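Colleague: Input: one structure, supplied below.
The values are calculated or read from the model by the stated rules, or taken from the named source; none is laboratory data. This structure is a prediction, so every number in the text was calculated from the model and none was measured. Here the Cβ positions follow ideal geometry from the backbone for every residue, glycine too, while neighbour counts run over all protein chains shown. For accessibility, only protein heavy atoms count, side chains too; no ligands or nucleic acids. Shrake-Rupley method; radii C 1.70, N 1.55, O 1.52, S 1.80 Å.
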Amino acid sequence: MADRTGNITVMDDLKNEALYLVEKVNNNIYYNTVYDDTLMRFNPHTREKVSLNLNGISDVLLSPNGNQILVVQTNGSKKNLILCDPNGSSQITVAEGTEIGGVSWSPDQSMIAYNVKADENGVILNSLHVYDILTGASTQIAVGIEYPDTCWSPSGEKLAYTEWDGVQFISSIVYLKYSLEKQ
């Protein structure tokens with residue numbers, strides 16, 4: 001582990017692991033290995049390793065405040081985008097498809113952008129969606145999008161995405177209108 005000043009700390013408890021996926025949030029390191037795709041959580045201060053009982057994990061995206069995680073899980077030929085707490089509990093399936101990518105959190109953690117590729121009766125569909133965590137509703141905002149990267153504006157009112165068409169990058173901005181009434 002390295003800090004911004006260049007100080008490097010060797011994680012002795014993980015040095016013999018063949019790490020595949022590594023994400024650090026707050027005091028925890030989430031990882032899996034090339035030999036075991038089960039998501040693990042390691043606390044370097046307590047040296048505690050915990051299995052989160054999430055298998056087939058190929059990506060982990062932690063919410064800005066670290067209170068929730070998104071994982072991309074492979075289950076046979078299908079991929080699932082799962083929202084859960086940092087312990088891997090309270091799982092909600094956000095999306096299912098043959099491919100999932102372009103996943104990002106809005107700055108206020110109320111929305112998730114993602115792209116899903118699905119096979120519907122022999123027709124391949126690629127579409128970009130926004131998932132509202134409060135309502136649990138997913139809204140398709142663009143179609144025919146392949147392999148995008150997504151990024152939210154600081155206000156969360158705009159979503160930019162870039163896709164590679166095989167020759168060049170194509171960028172677009174989607175303006176979102178939504179209001180959250182505080183009660």
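Colleague: Going by what's in this entry, would L134 be described as in contact with a strand residue (DSSP E or B) (Cβ under 6 Å, 6 or more places away or on another chain) and on the phi < 0 side of the Ramachandran plot?
Modeller: no
Colleague: If you go through the stretch 1-55, how many residues are in a strand (DSSP E or B), open to solvent by 50 Å² or more (accessible area, probe 1.4 Å) and either of a type in the set (V, I, T) or over 19 Å from V72 (Cα atoms) (or both)?
Modeller: The number of residues fulfilling the criteria is 5.
Colleague: If you scan the stretch 101-158, which residues turn out to be in a loop (DSSP other than H, G, I, E, B), without any contact (Cβ under 8 Å) to a residue 24 or more places away in the chain and of a type in the set (D, E)?
Modeller: Listed by number, the list holds a single entry, E157.
Colleague: I'm trying to understand the selection: among the residues of the stretch 136-160, which are of a type in the set (F, W, Y) and open to solvent by less than 40 Å² (accessible area, probe 1.4 Å)?
Modeller: If the condition is that a residue be of a type in the set (F, W, Y) and open to solvent by less than 40 Å² (accessible area, probe 1.4 Å), then W152 is the only one that fits.
Colleague: Moving to a separate point now. Taking G101 as meeting all but one of (1) more than 30 Å from V10 (Cβ to Cβ); (2) of a type outside the set (D, E, K, R); (3) open to solvent by 30 Å² or more (accessible area, probe 1.4 Å), write down the number of the exception.
Modeller: With (1) more than 30 Å from V10 (Cβ to Cβ); (2) of a type outside the set (D, E, K, R); (3) open to solvent by 30 Å² or more (accessible area, probe 1.4 Å) applied to G101, the lone miss is (3).
Colleague: Taking A113 as the residue in question, decide whether it is out of contact with any helix residue (DSSP H, G or I) (no Cβ under 6 Å at 6 or more places or on another chain), open to solvent by less than 10 Å² (accessible area, probe 1.4 Å) and over 17 Å from N55 (Cβ atoms).
Modeller: yes
Residues checked against (1) open to solvent by 50 Å² or more (accessible area, probe 1.4 Å); (2) not in a loop (DSSP other than H, G, I, E, B):
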| residue | (1), (2) |
| --- | --- |
| L61 | no, yes |
| P64 | yes, no |
| N67 | yes, no |
| Q73 | no, yes |
| I82 | no, yes |
| P86 | no, no |
| S90 | yes, no |
| T93 | yes, yes |
| E96 | yes, yes |
